[in-house]
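S.K.: Once you've had a glance at the structure underneath, I'll fire off some questions.
The values are calculated or read from the model by the stated rules, or taken from the named source; none is laboratory data. Since the structure is predicted, the reported quantities are computational estimates derived from the model, not experimental observations. Here Cβ is always computed from backbone atoms with ideal geometry, including for glycine, and neighbour counts include all displayed protein chains. The protein model used for the area step is the full one, side chains on, heavy atoms only, and it has no ligands, DNA or RNA in it. Shrake-Rupley method; radii C 1.70, N 1.55, O 1.52, S 1.80 Å.
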Amino acid sequence: VLSKQKERTVKRVSLKMICRGETLNIKETKIMAQFMVTATYTDAAFAGMAKNPHNREEAIGKILSALDMSLEGLHMTLDGKLFMVVSGTTEAAGSLMIVAGGSGSVDHITVDQVFSASDQMSWMQSASSVMGSYKPANAQ
């Protein structure tokens, strides 16, 4: 996962090299993000797990691997909700949602991008620098 600072540095270096007229062979860089995925197992999924107990982390890991994603954590609640934190691209996260929904084993799927405490600190610093300059629409 590239931090915002590293991402900016890579872009600046690339721009400097292009401005000097150097030819670059740059591959497209996909930014990895973290997502919290939640879903609810269907009755049919519970029936299948009871008939054939198996490690769901391994099965989910195979899907994630095929999408070039990684599993950070997998949990289930007592009321049948599955939640996991995964890393990957936004495109892969969208694909995961479609694969999971299309399987029929889960419903009520949500995929939300999550951010670190250091990301939040960066937001606070940016907001602090412009906070006083914003005037609401109803301000005189």
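S.K.: Between a residue in the range 110-123 that is in contact (Cβ under 8 Å) with a residue 24 or more places away in the chain and within 19 Å of LEU96 (Cβ to Cβ) and any residue that is surrounded by 11 or more Cβ atoms within 10 Å (Cβ to Cβ) and of a type in the set (A, V, I, L, M, F, W, C), which pairs come within a Cβ distance under 6 Å, given they are 6 or more apart or on different chains?
M.R.: Sorted first by the residue in the range 110-123, then by its partner, the pairs are VAL111/PHE35; VAL111/VAL37; VAL111/ALA93; VAL111/MET97; ASP112/MET36; GLN113/ALA33; GLN113/PHE35; VAL114/MET36.
S.K.: Say we look at the range 76-134 and pick out the residues that are over 17 Å from LEU64 (Cβ atoms) and assigned to a loop (DSSP other than H, G, I, E, B); which of these is most open to solvent (accessible area, probe 1.4 Å)?
M.R.: It comes out as LEU78.
S.K.: Could you list, in sequence order, all residues of the range 45-63 that are of a type outside the set (D, E, K, R) and either touching a Leu at 6+ places or on another chain (Cβ under 9 Å) or surrounded by 10 or more Cβ atoms within 10 Å (Cβ to Cβ) (or both)? Full working, then the answer.
M.R.: Initially, the range 45-63 is screened for residues of a type outside the set (D, E, K, R), giving 45-50, 52-55, 59-61, 63.
Scanning the range 45-63 gives ALA45, PHE46, ALA47, GLY48, MET49, ALA59, ILE60, GLY61, ILE63.
S.K.: Mind listing just one residue for me: the one in the range 64-73 that is surrounded by fewer than 16 Cβ atoms within 10 Å (Cβ to Cβ) and either touching a residue at least 12 places away in the same chain (Cβ under 8 Å) or touching a Cys at 6+ places or on another chain (Cβ under 6 Å) (or both) and, of those, nearest to ALA47 (Cα to Cα)?
M.R.: Taking the range 64-73 and keeping what is surrounded by fewer than 16 Cβ atoms within 10 Å (Cβ to Cβ), we get 65-66, 68, 70, 72-73.
Checking the rest, the ones that are also either touching a residue at least 12 places away in the same chain (Cβ under 8 Å) or touching a Cys at 6+ places or on another chain (Cβ under 6 Å) (or both) come to 68, 70, 72-73.
Numbers: ASP68: 30, SER70: 27, GLU72: 27, GLY73: 24 Å.
Taking the candidates together, the pick is GLY73.
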